[in-house]
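These notes concern the structure reproduced below.
The values are calculated or read from the model by the stated rules, or taken from the named source; none is laboratory data. Worth saying up front: this structure is predicted, and the values here are computed from it rather than measured. Cβ: placed from backbone, ideal geometry, glycine included. Neighbour counts: every protein chain shown.
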Amino acid sequence: MAADQHGGRLDIRSALGAGTTVALELTLVHDQLPEEAPQSAPPVRSRRVLVADDEPLVLRVMGRMLAHLGHEAAVAASAESALQTLRGMPTDRPFDVVLTDLGMPHMNGRDLARHIRKGWPNLPVVLMTGWVERADGEGEPMFAGRLAKPPSVDSLRQALENAMHQNSHVAAVAAGSL
């Protein structure tokens, strides 16, 4: 159940003729970031990151987290909007990576990744999901990684580094330099 997966609980009590009481308890998550990045974190190159998610709060928090890590974030509230953003991106400032939610209406993250593979084959796509179970397709080569939602700053940093490292290795193999 979704409440259990996120550290909460759902209690439903019903009595014939008296009605039903539903209690939902969720873990409180503060919309705050640490004042400073951990001292052990190595400096990273600034990246342009496109985030696709249908939840406005997720887009806002992810944008803030990416800025905190020194990256430039663009957000898209749907897969269709993400594709429009990619089509309109300047060639001199392309995106370095796309973070996409799996469960979006109309076009999900897997379908978005397939479109990205066709139009921008060297652009890494990281799958974001709040689902604890293994998501269908997450092991497919179209994804450069998986990021559990809500992510920590460290898990976001690691997912970006892994995606960029994987992408540079794939590009080097394609160019014949490895």
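Go through Val49, Val75, Val58, Val44 for me and flag whichever is aliphatic (A, V, I, L, M), in contact with a His (Cβ under 6 Å, 6 or more places away or on another chain) and either in a strand (DSSP E or B) or modelled with pLDDT under 95 (or both).
Working: Val75 fails: in contact with a His (Cβ under 6 Å, 6 or more places away or on another chain); Val58 fails: in contact with a His (Cβ under 6 Å, 6 or more places away or on another chain); Val44 fails: in contact with a His (Cβ under 6 Å, 6 or more places away or on another chain).
Criteria check complete, one pass: Val49.
Assess whether Ala67 counts as being at pLDDT below 90, within 16 Å of Ser155 (Cα to Cα) and outside any strand (DSSP E or B).
Judged against the criteria, Ala67 is not a match.
Mind listing whichever residues of the stretch 90-120 are over 20 Å from Glu72 (Cα atoms), part of a helix (DSSP H, G or I) and not basic (Lys, Arg)?
Answer for the stretch 90-120, where residues must be over 20 Å from Glu72 (Cα atoms), part of a helix (DSSP H, G or I) and not basic (Lys, Arg): Gly109, Asp111, Leu112, Ala113, His115, Gly119.
Go through the stretch 87-107 and count every residue that is under 23 Å from Leu57 (Cβ atoms) and in contact with a strand residue (DSSP E or B) (Cβ under 8 Å, 6 or more places away or on another chain).
Summing the residues that are under 23 Å from Leu57 (Cβ atoms) and in contact with a strand residue (DSSP E or B) (Cβ under 8 Å, 6 or more places away or on another chain) in the stretch 87-107 gives 9.
Any idea how many residues of the stretch 83-99 are buried (at least 21 other Cβ atoms within 10 Å of the Cβ) and in contact with a Phe, Trp or Tyr (Cβ under 9 Å, 6 or more places away or on another chain)?
2
Conditions (1) under 14 Å from the mean Cα position of the chain (by Cα); (2) at pLDDT 95 or above; (3) not charged (D, E, K, R), marked per residue:
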position	(1), (2), (3)
Ser81	no, yes, yes
Pro94	no, no, yes
Leu99	yes, yes, yes
Val126	yes, no, yes
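Scan (1) in a helix (DSSP H, G or I); (2) at pLDDT 85 or above; (3) over 16 Å from Val126 (Cα atoms) for the single condition Asp4 breaks and write down its number.
Status for Asp4: all satisfied but (2).
Within the stretch 144-178, can you find the residues that are more than 15 Å from Leu50 (Cβ to Cβ), modelled with pLDDT of 60 or more and part of a loop (DSSP other than H, G, I, E, B)?
Hits for the stretch 144-178 are Lys149, Pro150, Pro151, Ser152.
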